[in-house]
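Structure first, commentary second.
What follows draws every value from the coordinates through simple rules; no lab data is involved. Remember, predicted model here, so these are calculated numbers, not experimental data. We place every Cβ from the backbone using ideal geometry, glycine too, and count neighbours over all the protein chains shown.
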Amino acid sequence: MNALTDYTLHLADNQLILGQRLCEWCGHNFVLEQDIAMSNIALDLIGQARSYYQYASKLDGKKSEDDLAMLRGEREYKNLLLLEQPNGDFANTLARQFFYDVFHLFQLEDHLKSSDESLRAIAEKAVKEVRYHVTWSSEWMIRLGDGTTESHARLQHAVNKIWMWTGEMFEASAFEKDLIEKKIISNPKDFKLSWDQKIQEILTEATLKLPLEEPYQHGGKDGLHTEHLGYILAEMQSLQRTYPGLAW
Amino acid sequence: MTNEEIFEKKIQDEVRIEPKDWMPEAYRKTLIRQISQHAHSEVVGMLPEANWITRAPTLRRKATLLAKVQDEAGHGLYLYSAMETLGMPRSQAIDDLLSGKAKYSSIFNYPTLSWADMGTIGWLVDGAAILNQVPLCRTSYGPYARAMVRVCKEESFHQRQGFEIMQSLCEGSADQKAMAQDAINRWWWPTLMMFGPRDAESGNTELSMKWRIKRFTNDELRQKFVDMMVPQAQFLGLTIPDEKLKWNADKNGYDFGDVDWDEFWKVVKGQGPCNKQRLEARNKAHDQGAWVREAAAAYAEKRAKREKIGASA
Ligand SMILES: [Fe+2]
Ligand SMILES: [Fe+2]
């Protein structure tokens, strides 16, 4: 596989796994309006995942969009560890979403300048969606952080717990390094400072504290995951694995 | 003219009744009951289909199913809003649902056991909902009628999607066809129950017809449904699980077997396979979200205060 295919799959897997996690909320949310809002975000992410898988399928030349999503195993999936973490309570889902949304927007804005036409085209559509995601999650961070004593405590706990998975976003994998060298993408480290600033700004308004320790966990991009991914895939891929090769 | 006479004349002249108009208390109560039940059905109805979103076989199917369940949440919202124009707060209606006091459509007390159930629900259950709901677009209460116009547009889209899932399965492998047939075997009779008890046993029908809340009786709609679905099942190559089903040229419609009314009443009264599970899921979502709703309210209050201080400074 070449670096561009790997990177495209990494992007596809990111959106699909987080979208899949958000699907778990559907029908079980605390208020109808938020059920609709979170389903919207999930729909955006699954739509983006489809565009990336279709592009990866073109690059790959053999496997279809659904082959790539439904027939790759844990060690082949390249999503960020952050995104496969369980939903937990709403605070936990929100903290995960917020840290990623802010990163995701910087990443897409970088893709808008990419020399790769397909990455650029996907980013042009996705960037509008993800701007809304950032607004949604930032507003909820502030609302819950500065809400009641209980919501503040829950959200601070979630931020502390989720934090350790955020470092991986800024560490370039081998396939990213290759694309950085070819000037197809920027080094994600380049927007680490902007990410820090935005996170700090929102957390301050939310009266929350940024954890001090360095988040060092990584491996997702190279297919080395937490125990959670196996269950996500077992569920998501069950029909395709039980009845191989059929049209649905 | 008295208030009563003005109201009756409006009904006769097919003029919509609006929230500020005078209306008989019984009319208001009937509507609150019907609209809230309808709203609850949309919301509880999300659960059996949500059960398969994470397992949809392709990404396209996943996205369309998620969008469908999201539409149902939207239907719930439109309907709760229509209900609130009658003076019933949404929070109270939801409390009634969660305590088990309010009813919702019994169809959602059956389990979804295979992917084919997603096709069958869209095709049959949304199909039955359309037959129930299209006449409601002309119902006498304005906000309800207008909500139904929006709902019906989306329901027909759902039905097409469901039919399309069935078509893919029926054109597929032997396993897929068997899955589709098994689904119709399980869903056919519960779907016929969606039209409610027989006219002779339906206490609410007469008044509702007089007030033009309802336009067709339960049995009329059930007949329409069977007549509409038989050719579609034939087209798919599926067998409807009713040995008494037969074309009757005299009435220009199908004769069909009788619903198991004992089962119907048992499920209505809470003994269906999933009644407890569905209510538990709704209660769990509601209870676990309490701190979020409280926090949102507390934050809104703080903000309003800050803005006030800001404005007076
Ligand atoms: Fe609906
Ligand atoms: Fe529907």
### Message
Using a 7 Å offset from Cα along Cα-Cβ at B:Ser202, what residues in the stretch B:12-40 end up with backbone N under 12 Å from the label point?
### Response
none
### Task
Compute the long axis of helix B:90-99 from its Cα atoms, compare it with the longest principal axis of the Cα atoms of chain B, and write down the angle in degrees, 0 to 90, nearest 10.
50 degrees
### Task
Report the trypsin sites (Lys or Arg not before Pro) located in the stretch B:1-107 that are in a DSSP loop and have at most 12 other Cβ atoms inside 10 Å of their Cβ, or state none.
B:Lys20, B:Lys101
### Task
Find the Cα radius of gyration of the protein assembly as shown, compare it with 2.2 N^0.38 Å by division, and give the number to two decimals.
1.08
### Net charge over other residues, Cβ less than 13 angstrom from the Cβ of B:Leu113 (K, R count +1; D, E count -1)
-1
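If r is the Cβ-Cβ distance from B:Gln12 to B:Arg33 and R0 is 25 Å, what FRET efficiency results, to the nearest 0.05?
On the way: r = 24 Å, r/R0 = 0.94.
Efficiency, from the Cβ-Cβ distance: 0.60.
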### Helix-only [θ]222 nm of chain B, DSSP H runs n ≥ 4, -39500 (n - 2.57) each, per residue, nearest 500
-21000 deg cm²/dmol
### Spatially proximal aspartates and glutamates relative to B:Lys9 (Cα-Cα < 16 Å; intrachain offsets below 8 disregarded)
B:Glu18, B:Asp21
### Query
With point charges of +1 on the Cβ of Lys and Arg and -1 on the Cβ of Asp and Glu, referenced to the Cα centre of the stretch B:70-141, which listed residue (B:Gln133, B:Met118, B:Leu77) lies farthest in the positive direction of the dipole?
B:Gln133
### Query
In nm, to one decimal, how far is the modelled label at B:Gln288 from the one at B:Ala26, with both set 7 Å along Cα→Cβ?
4.5 nm
### Message
Per DSSP helix of 4 or more residues, -39500 (n - 2.57); summed, then divided by the residues of chain A. What does that give at 222 nm, rounded to the nearest 500?
### Response
-21000 deg cm²/dmol
### Task
Measure off 7 Å from each Cα along the Cα-to-Cβ vector at B:Arg138 and B:Glu280, then give the distance between these two points in nanometres to one decimal.
4.5 nm
#### Entry: Of A:Lys63/A:Lys177; B:Lys68/B:Lys210; A:Lys221/B:Lys284, pairs whose Cα-Cα distance is over 32 Å
B:Lys68/B:Lys210; A:Lys221/B:Lys284
### Task
At a Cα cut-off below 16 Å, give the lysines reachable from B:Lys305, other chains included and same-chain residues fewer than 8 away excluded.
none
### Query
Between B:Ala147, B:Pro241, A:Ala95, whose Cα lies farthest towards the positive end of the dipole of the protein assembly as shown when Lys and Arg beta carbons carry +1 and Asp and Glu beta carbons carry -1, centred on the Cα centre?
B:Ala147
#### Entry: Of the GluC sites (Glu not before Pro) in the stretch B:207-273, those whose Cβ has at most 15 other Cβ within 10 Å and which sit in DSSP loop
B:Glu243
### Task
Measure off 7 Å from each Cα along the Cα-to-Cβ vector at B:Ser81 and B:Asp260, then give the distance between these two points in nanometres to one decimal.
4.1 nm
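With only alpha-carbon atoms in the gyration tensor, what are the semi-axes of the equivalent ellipsoid for the stretch B:219-309, in Å, largest first?
Rounded to whole Å, the semi-axes are 51, 19, 12.
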### Query
What aspartates and glutamates could a cross-link reach from B:Lys251, if we take a straight Cα to Cα line under 18 Å and drop same-chain neighbours fewer than 8 places away?
B:Asp219, B:Glu220, B:Asp227
### Query
Which value does Rg/Rh take for chain B over its C-alpha atoms, Rh per Kirkwood?
1.02
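Which three semi-axes in whole Å describe the equivalent ellipsoid of the stretch A:3-242, each the square root of 5 times a Cα gyration tensor eigenvalue, listed largest first? Don't skip to the end; give the middle numbers.
Numbers: eigenvalues 153, 88, 55 Å².
The three semi-axes for the stretch A:3-242 are 28, 21, 17 Å.
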### Query
How high is the relative contact order of chain A, given as a whole-number percent (alpha carbon pairs under 8 Å, six or more residues apart)?
26 percent
